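A quick write-up on the structure given underneath.
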């Protein structure tokens, strides 16, 4: 692969830096296991009430009409659907914090990721993350990873409060926040629709083909199987 000029590299997490199975089989199972207890113990907290409000809006009722049990049941169904609901992601982040900080959870990061990030950082490239998981969840994942604490490598973390990952506007906002032009940002993701949105915003793109990833059938994006196959100039 020819070197791609970039002042910033923006990375996705699930299926890109991290095995999708860790997210769905480990993180989601922890969230399912602890969600009802967390809702009950933290009723009235901002993250629980934001989720209650989201469920209430979907049902067309007041938040007061959604009991803790109904809230937990609705959120469990959203987890099963892999719903990209911002309030759910924020609540999951709080649950995962407890699991990480107890020492019972370490996040998966592919072994090619950390050396590549350090290499790009040493070149003066700004590194950032864009994930549907909350900023808190992103920071926890990289702080408690099998490769050690990687949070210091990243300048910024972005979640869906910036905008949906399949809409170009989110990527335009990220480039602005990083202080660079969109064309100076390289976005790495396994999801073709996200790469399409980034490309429409003007970013350069590489699809990361981890095991099980569906390759972009139309060949719109450069592809690589690992981060060490991506050259940044």
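Read the figures in this text as sums done on the coordinates, not as results from a lab. What you see is a predicted model; the values in this text were computed from it and never measured. All Cβ positions, even for glycine, are placed from backbone atoms using ideal geometry, and neighbour counts span all protein chains on display.
Observations, loosely collected:
- Shape category assigned to the range 115-233 from the gyration tensor of Cα positions, a/c cut at 1.5: rounded
- Dividing the summed -39500 (n - 2.57) terms of all DSSP H runs of n ≥ 4 by the residue count of the chain sets its mean residue ellipticity at 222 nm at -13000 deg cm²/dmol.
- Geometric extent, Cα atoms of the range 31-155 - Rg, Dmax (angstrom): 17.0, 54
- The range 23-101: C-alpha gyration tensor shape, a/c 1.5 cut-off, then a/b vs b/c: prolate
- Euclidean distance of C-alpha centroids, the range 68-85 and the range 158-233, integer Å: 28 Å
- Between residue 36 and residue 4, the FRET efficiency estimated from the beta carbon spacing at R0 = 45 angstrom works out to 0.45.
- Normalised contact order of the chain, rounded percent, pairs of Cα under 8 Å and 6 or more residues apart: 27 percent
- From the largest down, the chain spans 57, 37, 33 angstrom on the principal axes of its Cα atoms.
- Here the relative contact order of the range 125-199, from alpha carbon pairs under 8 Å that lie six or more residues apart, stands at 28 percent.
- Nearest-0.05 FRET efficiency for residue 166 and residue 225, computed from C-beta distance (R0 25 Å): 0.60
- When you count the other C-beta atoms within 10 angstrom of each residue and take the mean per peptide, 210-219, 21-30 line up highest first as 21-30, 210-219.
- Computed over the range 23-101: relative contact order in percent, which uses C-alpha pairs under 8 Å that are six or more apart: 42 percent
- The length gained by stretching the chain between residue 181 and residue 215 to full extension, at 0.36 nm per residue less their Cα-Cα distance, is 9.5 nm.
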